[in-house]
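Comments concern the structure below.
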Amino acid sequence: MKSRLQMNITVVELEPTMVEIARKYFGLKEDETQRVVVMDGLEYLQDSSRKGSSSEYEYLFVRKVIGTHIIRGQEMKMRLISGIKYDAIYIDACPTRFPFEVEVMCPIPIFLNETNIQTIRSALLDTGLLNIRIFLSVDS
């Protein structure tokens, strides 16, 4: 399907079940320009073994779902030593456990610390776009 305008799309999903649902019910098909990686989104950004691609546009969709635990105040040491620079990164990282105990539910707190923000920034091209799903509590 050439309607993707030579885009190279990588989806990083923490939960294998979500990938299976996408394949079974939404027709997800992987090929040389569209792939799904099952792992932690922040770890993926750390991975220095990735190679660049020859496609015209490089997009990363990060989905990190925390079900039974919420990461609180952890300082994750992240480095992007080498690897792909992305035209766009979309982060959809929300907890799945209710009730929520924090005002900012999406993205989860680990994506908001300064170290990880800098890592995400360094993974973008100078003209790159960062799109983050934000969901706030209405209690305050």
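The numbers here are math on the coordinates, done by the rules we state, and not lab data. This one's a predicted model, so the numbers in the text were calculated from it and none came from an experiment. Note: ideal-geometry Cβ built from the backbone for every residue, glycine included; neighbour counts use all protein chains shown.
Tabulated data
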{"quantity": "Approximate spin-label separation Glu30-Met7, in nm, with each point projected 7 Å along Cα-to-Cβ", "calculated": "1.9"}
{"quantity": "Full-extension gain in nm, Ile21 to Ile117, via 0.36 nm per residue minus C-alpha separation", "calculated": "31.6 nm"}
{"quantity": "Virtual spin-label span in nm between Leu136 and Glu103, 7 Å along Cα→Cβ", "calculated": "0.8"}
